[in-house]
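The structure under discussion appears below in the form of structure tokens.
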Amino acid sequence: MNNPIQIYNELRDTYLKYISSGIPFFNEQYDAERKELLKENGTICQPPIIEIVPKYKEQASLEQFCKNENVSNELAKFVQSGLFYNNNSEKRILYKHQYNALKESYLNRKHIVVTTGTGSGKTECFLLPIIADLISESSSWSTNRPRAMRTMILYPLNALAEDQMIRLRKSLNSRRENHSGALDWLDKYRNGHRFYFGRYTGSTPVSGSADSAKDKIRIEKNQLVEEWKAAKQAASQNEENRELLYHVPCMEKDSAEMWDRLSMQKNAPDILITNYSMLNIMLMRNIEAAIFEDTKRWLAEDKSHVFHLVIDELHTYRGTAGTEVAYLIRVLLDRLGLTPDSPQVQFLASSASMGENKQTSDFLCEFFGVAKDFFKDKFSIFTNDKNTLTSKPETCLPVEAFVNYANTSITEKEREASLFSQLTCNSYLQISERYHLVEWLKFAMTDKSGNIVAMNAIDIATRMGIIDKNAEPFITSFLKIICQSKTQKGYLLPLRVHFFFRAINGLWACSNPYCECLNEKHKFNNRLLGKFYKSPRSICSCGHNILELIICENCGEAYLGGYIINRGGRTYLSVDKPIGSQFCQYAILWQSEGDYKGWTKVQYNSETGEFKKHPHGEYLLHEQKTDKDTRFPSE
């Protein structure tokens with residue numbers, strides 16, 4: 001990404017072309033007015049949000065962690081074979097918060113809450129201690145090792161659960177041609193034992209008892225086998241397709257993934273992924289009872305056994321929904337013979353939008369059901385490093401050169417040469433360093449508390465003192481220059497850009513053909529509609545009635561639509577549907593001469609919205625007869 005604002009503009013223009021071509025007006029002037037209206041901020045999109053990706057402090061490799069903290073190096077070897085695997089066998093360096101989270105959770109047995117930003121490796125913060133416990137316990141497993149749910153990962157959305165499945169397949173169920181995968185390691189060092197995992201949600205096949213589900217299971221299995229064969233074939237043809245192997249369940253006989261409900265009901269997986277809705281159902285049914293009973297028995301066998309409860313996206317469990325989940329967790333722990341303050345339960349939570357403050361600690365105490373003193377001693381919160389307050393740079397920005405660079409309609413090479421010549425620089429990096437662009441950006445994105453926050457691109461320009469028509473071309477050039485500034489160690493400042501687009505809710509228009517609020521540039525002879533509006537309202541600023549704007553998909557003709565309201569013996573058209581009315585007739589109004597089947601000639605008063613049948617009326621009306629009829633004319 002070397003020009004985020006250009007990407008945004010191209011996306012917006014493509015969307016506008018889609019609307020114009022998919023629902024075209026017969027009149028190009030109507031289309032131009034709609035396009036101008038939709039371009040306004042907040043209609044179909046918002047200006048891009050710019051976020052500075054923090055550079056997290058690196059601490060040490062996992063091998064170094066094992067050496068420093070006197071942990072078996074088997075942890076590093078297994079993780080390198082799956083979770084941290086790479087083709088070049090490079091040693092991945094743990095961030096400082098990952099290192100400390102592993103130390104506090106695995107060695108000091110503290111509950112952890114990781115609230116660092118997106119892309120900071122929060123998932124590894126809870127996967128590493130889970131894997132560490134599995135490696136430690138499995139070293140003493142005999143032929144018949146105990147089956148139990150050692151970890152439950154709770155997600156608010158199925159989509160997040162599916163993403164986690166990809167990660168677990170790589171971490172626990174991978175094989176490599178050079179015998180360096182996770183399953184290869186388990187074959188060599190754990191007598192072929194597996195770390196079993198499974199997703200138990202509404203989409204997991206199949207519901208019902210074993211007898212009633214046999215046929216469904218067979219059909220589902222055959223389909224998954226075909227998908228697995230297709231993924232294997234694609235991976236064998238091209239190494240780049242190897243990722244496809246982790247997007248479908250592995251259907252080999254020695255697989256660690258449990259893809260169906262019946263298998264998990266018979267033998268609990270070591271790691272079970274679900275959501276709170278399914279967990280609530282599982283706790284109430286007998287069919288899943290064995291999962292909890294086996295886990296309870298496993299916990300009772302040895303006081304060193306620890307049940308991990310992972311809560312991802314913790315911030316989503318606020319309000320009433322959060323209270324329900326909090327009580328559900330209490331029911332779960334009670335089912336396992338545990339309490340929130342038991343040394344045999346460990347909470348591992350993550351959230352990208354929670355800070356380290358009293359409000360967060362109070363929420364965590366209430367959510368997990370622990371006393372404040374217990375929280376203080378047993379919980380560790382890991383957050384982003386504090387930012388130092390960024391002062392305004394003294395260097396003046398080359399505003400004119402940046403604006404010209406964005407606005408000049410010549411080739412990219414010519415524009416680049418012109419910019420370098422104006423600023424007497426020979427690279428984008430030199431421009432960034434000479435004019436302290438990184439410092440300017442951090443200053444503009446610093447809030448009153450001294451924190452660097454994600455911000456609207458135009459607001460960033462405004463904070464730098466660039467306003468009016470120069471704001472967009474300036475920030476376009478500013479961000480592009482930073483994105484193309486590369487040092488020997490990599491790009492000068494990593495940025496993340498968020499684009500927000502939405503579907504259009506509709507279009508509305510004043511029903512007064514002589515609307516005084518209509519912009520002069522949109523006026524033309526024989527115009528039949530007043531000013532366009534992007535959101536519903538009842539009355540135009542000119543005082544006349546507003547109705548919904550309807551466009552024929554076949555010919556692009558423009559109509560007005562509204563609900564038929566009977567009041568005091570008179571009939572009106574209104575954009576507002578009466579409250580409490582299950583069915584209210586909808587009608588299409590068309591200012592047109594002629595006589596067409598299904599249309600009635602009426603006189604219409606745009607000031608009041610009243611209409612009445614008249615043989616010489618200037619308008620035609622098409623009424624919806626029942627709630628099953630389409631609102632729109634079909635011809």
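Among the listed residues S180, S136, which satisfies the condition of being at pLDDT 90 or above, more than 17 Å from E252 (Cα to Cα), among the hydroxyl-bearing types (S, T, Y) and open to solvent by 30 Å² or more (accessible area, probe 1.4 Å)? Give the steps one after another, and end with the answer.
Numbers: S180 fails: at pLDDT 90 or above.
Only one candidate qualifies: S136.
So, in region 526-562, how many residues would count as being closer than 20 Å to K35 by Cα, open to solvent by 30 Å² or more (accessible area, probe 1.4 Å) and assigned to a loop (DSSP other than H, G, I, E, B)?
So the answer is 10.
Counting only residues that are small (G, A, S), in contact (Cβ under 8 Å) with a residue 12 or more places away in the chain and surrounded by 11 or more Cβ atoms within 10 Å (Cβ to Cβ), which one in region 208-229 is nearest to E288 (Cα to Cα)?
Result: A210.
Just to verify a result, which residue in region 146-165, among those that are charged (D, E, K, R) and modelled with pLDDT of 90 or more, is surrounded by the fewest Cβ atoms within 10 Å (Cβ to Cβ)?
To start, the set of residues in region 146-165 that are charged (D, E, K, R) comprises 147, 150, 162-163.
Then drop every residue that is not modelled with pLDDT of 90 or more, which leaves 147, 150.
Values: R147: 18, R150: 24.
Only one residue tops the list, namely R147.
Pairs needed: first member in region 569-591, assigned to a loop (DSSP other than H, G, I, E, B); second member anywhere, basic (K, R) and open to solvent by 60 Å² or more (accessible area, probe 1.4 Å); C-beta distance under 8 Å; at least 6 residues apart or different chains.
Pairs that qualify, where the first residue is assigned to a loop (DSSP other than H, G, I, E, B) and the partner is basic (K, R) and open to solvent by 60 Å² or more (accessible area, probe 1.4 Å), are V575/R537; C584/K577; Q585/K625.
Is it the case, given these coordinates, that A417 is closer than 21 Å to L495 by Cβ, assigned to a helix (DSSP H, G or I) and open to solvent by less than 70 Å² (accessible area, probe 1.4 Å)? Let's see the steps before the verdict.
Values: closer than 21 Å to L495 by Cβ: no; assigned to a helix (DSSP H, G or I): yes; open to solvent by less than 70 Å² (accessible area, probe 1.4 Å): yes.
In short, no.
Counting just the residues of region 38-68 that are assigned to a loop (DSSP other than H, G, I, E, B) and of a type in the set (S, T, Y), which one comes out nearest to I5 (Cα to Cα)?
Keep residues of region 38-68 that are assigned to a loop (DSSP other than H, G, I, E, B), which gives 39-44, 53-57.
Imposing the further condition that a residue be of a type in the set (S, T, Y) reduces the set to 43, 56.
Numbers: T43: 18, Y56: 26 Å.
This residue is T43.
Would you confirm whether or not region 83-94 contains a residue that is under 27 Å from G198 (Cβ atoms), surrounded by 19 or more Cβ atoms within 10 Å (Cβ to Cβ) and of a type in the set (S, T, Y)?
No, every residue in region 83-94 fails to be under 27 Å from G198 (Cβ atoms), surrounded by 19 or more Cβ atoms within 10 Å (Cβ to Cβ) and of a type in the set (S, T, Y).
If a residue has to be open to solvent by 20 Å² or more (accessible area, probe 1.4 Å), assigned to a loop (DSSP other than H, G, I, E, B) and within 17 Å of R199 (Cα to Cα) to count, how many in region 280-311 make the cut?
1
State which residue pairs qualify: first residue part of a loop (DSSP other than H, G, I, E, B) and inside region 127-139, second residue of a type in the set (D, E) in any location, beta carbons under 8 Å apart, and separation of 6 or more residues or different chains.
S139/E74
Among the residues of region 30-49, is any of a type in the set (A, V, I, L, M, F, W, C) and within 29 Å of K96 (Cβ to Cβ)?
Checked against the condition, which is being of a type in the set (A, V, I, L, M, F, W, C) and within 29 Å of K96 (Cβ to Cβ), region 30-49 yields at least one hit.
Could you list, in sequence order, the residues of region 209-233 that are within 28 Å of P146 (Cβ to Cβ), of a type outside the set (V, I, T) and in contact with a helix residue (DSSP H, G or I) (Cβ under 8 Å, 6 or more places away or on another chain)?
Those that are within 28 Å of P146 (Cβ to Cβ), of a type outside the set (V, I, T) and in contact with a helix residue (DSSP H, G or I) (Cβ under 8 Å, 6 or more places away or on another chain): A210, A213.
In region 450-482, which residues are open to solvent by 20 Å² or more (accessible area, probe 1.4 Å) and among the hydroxyl-bearing types (S, T, Y)?
T462, T476
Scan (1) surrounded by 13 or more Cβ atoms within 10 Å (Cβ to Cβ); (2) assigned to a loop (DSSP other than H, G, I, E, B); (3) touching a Lys or Arg at 6+ places or on another chain (Cβ under 8 Å); (4) of a type outside the set (F, W, Y) for the single condition L186 breaks and write down its number.
It fails just one condition, (2).
List pairs: first residue in region 27-39 and touching a residue at least 60 places away in the same chain (Cβ under 8 Å), second residue hydroxyl-bearing (S, T, Y) anywhere in the structure, Cβ distance under 8 angstrom, at least six positions apart or on different chains.
R34/S20; L37/T43; L37/Y533
The values are calculated or read from the model by the stated rules, or taken from the named source; none is laboratory data. Note that the coordinates shown come from a computational prediction; the quantities given were computed from them, not determined experimentally. Note that each Cβ is placed from the backbone with ideal geometry, even for glycine, and that neighbours are counted across all protein chains shown. Surface accessibility is based on the protein's heavy atoms, side chains included, excluding ligands, DNA and RNA. Shrake-Rupley method; radii C 1.70, N 1.55, O 1.52, S 1.80 Å.
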